1. Quick one: which residue in P201, P209 is surrounded by fewer than 18 Cβ atoms within 10 Å (Cβ to Cβ) and either touching a residue at least 12 places away in the same chain (Cβ under 8 Å) or in a helix (DSSP H, G or I) (or both)?
2. State which residue is farthest from G273 (Cα to Cα) when the search covers only the stretch 30-75 and only residues that are among the polar types (S, T, N, Q) and crowded, with 16+ Cβ neighbours inside 10 Å.
3. Take the stretch 1-25 and flag every residue that is in contact with a helix residue (DSSP H, G or I) (Cβ under 6 Å, 6 or more places away or on another chain) and within 30 Å of G40 (Cα to Cα).
4. So for the stretch 63-79 (the condition being within 16 Å of ligand 3 (Cβ to nearest atom) and in a helix (DSSP H, G or I)), does at least one residue qualify?
5. Out of all the residues in the stretch 258-294, which are among the aliphatic types (A, V, I, L, M), touching a strand residue (DSSP E or B) at 6+ places or on another chain (Cβ under 7 Å), in a helix (DSSP H, G or I) and away from ligand 2 (no atom under 16 Å from the Cβ)?
6. Restricting attention to the stretch 113-135, report how many residues are part of a loop (DSSP other than H, G, I, E, B) and under 22 Å from R254 (Cβ atoms).
7. Looking only at the stretch 12-42, count every residue that is among the hydrophobic types (A, V, I, L, M, F, W, C), away from ligand 3 (no atom under 16 Å from the Cβ) and at pLDDT 90 or above and tell me the total.
8. Which of the residues spanning the stretch 227-250 are touching a residue at least 24 places away in the same chain (Cβ under 8 Å) and polar (S, T, N, Q)?
Amino acid sequence: PVVLGIESSCDETGAGLVRDGVLLGQAVASSMDEHARYGGVVPEIAARAHVHAMAPVVREALDRAGLTLADVGAVAVTAGPGLSGPLQVGVAAAKSYAFSLGVPLYGVHHLAGHVAAAALEGEPLPNPCVVLIVSGGHTSLLLVRDLARDPIVHLGDTLDDAAGECFDKVARILGLPYPGGPAIDRAAREGNPNAVRLPRPLSGPNDPPYAFSFSGLKTAAARWVEAQRAAGGEPHVPDAAAALQEAIADTLTRKAVRACTDHGIGTLVVVGGVAANSRIRALTEQRCAAAGITLRVPPLRLCTDNGAMIAAIGDLLVRSGAAPSPMNLSIDPSAPLEYAALSPLAAVR
Ligand code: ATP
Ligand code: MG
Ligand code: FE
């Protein structure tokens with residue numbers, strides 16, 4: 001069947017249509033600009049924007065796919081984790097579509113959606129694979145077998161800030177516009193990464209091999225900026241951006257490749273908004289090639305939040321015969337990533 005995927009966990013309203021692992025069409029609207037002057041997503045503003053954009057975005061995705069609602073055979077929706085108001089809007093919309101069309105509803109985990117995005121271009125996800133999830137809220141190394149059926153093994157997570165959060169916070173310190181990740185990526189093109197010395201956190205021989213820590217990096221960047229100003233100068237933004245990007249890319253890619261070699265796994269999948277970063281993409285390519293590891297990174301437009309990735313995980317669940325969610329499915333703003341389908345328990349929480 002054609003699976004309609006709906007995403008609204010943060011500031012993107014996304015709808016996508018997937019059938020048998022093939023993306024048929026998608027549309028995304030973002031309330032990002034409305035949050036820019038607050039320096040972060042304001043949940044109430046995001047929720048209102050989802051209410052406003054939801055039906056038009058679904059219509060747009062259908063138009064692009066050359067389909068109508070009557071073609072939809074199942075609906076998948078992000079039920080968590082995320083901001084509760086924004087999640088409520090997506091889940092309410094998904095229930096309305098599923099109920100009125102008489103098709104099954106699947107409440108799914110947002111991060112499983114990010115992983116499934118890597119299965120949309122051609123080949124299915126290899127089983128098993130190591131997945132590096134890097135986004136605004138998460139930095140995790142996972143061991144994934146059958147994404148639709150098996151429990152996901154957490155190899156390591158960040159102990160403090162997520163990589164995207166670090167990009168965003170340092171961008172703010174450097175006076176770059178929100179969202180910070182893309183701004184740092186752009187600024188870094190003109191910078192010299194060796195002009196500023198930044199640490200490589202948790203990279204010593206006795207540190208946990210797959211855990212990350214980024215708050216120290218943020219502090220080190222802030223101290224460097226202060227020192228520049230104290231010395232009467234202004235910080236050279238491109239150099240600082242390049243150094244930060246290099247420190248993050250170096251740490252992420254080294255640990256991800258190590259997770260593959262330690263576990264004898266031949267494929268690394270990198271997903272999440274931060275996977276859009278040009279240096280992270282280049283360095284993972286280089287290091288995976290050197291280690292004989294096959295690298296899978298979704299195309300840029302499928303890296304940040306979107307509905308196609310939610311349709312993709314819904315499609316995997318449907319094809320694996322997973323049980324649909326109950327119609328009283330509720331959101332779970334802090335859902336743990338054990339399974340792609342959110343546990344029916346979420347319905348009674
Ligand atoms: P989560 O998926 O964890 O709930 P989220 O929805 O905020 O969090 P995404 O939309 O997947 O995350 O990614 C957004 C993050 O990606 C932001 O922190 C943003 O700065 C970062 N980002 C986007 N593009 C780039 C880039 N080119 N370089 C670095 N970071 C980037
Ligand atoms: Mg976002
Ligand atoms: Fe996300």
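The values are calculated or read from the model by the stated rules, or taken from the named source; none is laboratory data. Nothing here was measured: the structure is a model prediction, and the numbers come from that model. Glycine also receives a Cβ, built like all others from the backbone with ideal geometry; neighbour counts cover every protein chain displayed.
1. Of the residues listed, the single one that is surrounded by fewer than 18 Cβ atoms within 10 Å (Cβ to Cβ) and either touching a residue at least 12 places away in the same chain (Cβ under 8 Å) or in a helix (DSSP H, G or I) (or both) is P209.
2. If we filter the stretch 30-75 for residues that are among the polar types (S, T, N, Q), which is where we start, we get 30-31, 68.
Next, from what is left, pick out any that are crowded, with 16+ Cβ neighbours inside 10 Å: 30-31.
On the way: S30: 14, S31: 16 Å.
Filtering the stretch 30-75 for residues that are among the polar types (S, T, N, Q) and crowded, with 16+ Cβ neighbours inside 10 Å, the one farthest from G273 (Cα to Cα) comes out as S31.
3. Once the filter is applied, which keeps residues that are in contact with a helix residue (DSSP H, G or I) (Cβ under 6 Å, 6 or more places away or on another chain) and within 30 Å of G40 (Cα to Cα), the stretch 1-25 yields G5, I6, E7, S8, S9, D11, T13, G14, A15, G16, L17, G25.
4. Looking only at the stretch 63-79, we keep the residues that are within 16 Å of ligand 3 (Cβ to nearest atom), and these are 76-79.
So of that shortlist, the ones also in a helix (DSSP H, G or I) come out as none.
Within the stretch 63-79, not a single residue is within 16 Å of ligand 3 (Cβ to nearest atom) and in a helix (DSSP H, G or I).
5. Within the stretch 258-294, A259 is the sole residue that qualifies.
6. Result for the stretch 113-135: 3.
7. Step one: of the stretch 12-42, the residues among the hydrophobic types (A, V, I, L, M, F, W, C) are 15, 17-18, 22-24, 27-29, 32, 36, 41-42.
Keeping just the survivors that are away from ligand 3 (no atom under 16 Å from the Cβ) gives 17-18, 22-24, 27, 36, 42.
Right, trim to at pLDDT 90 or above and you get 17-18, 22-24, 27, 42.
Count: 7.
8. Q245
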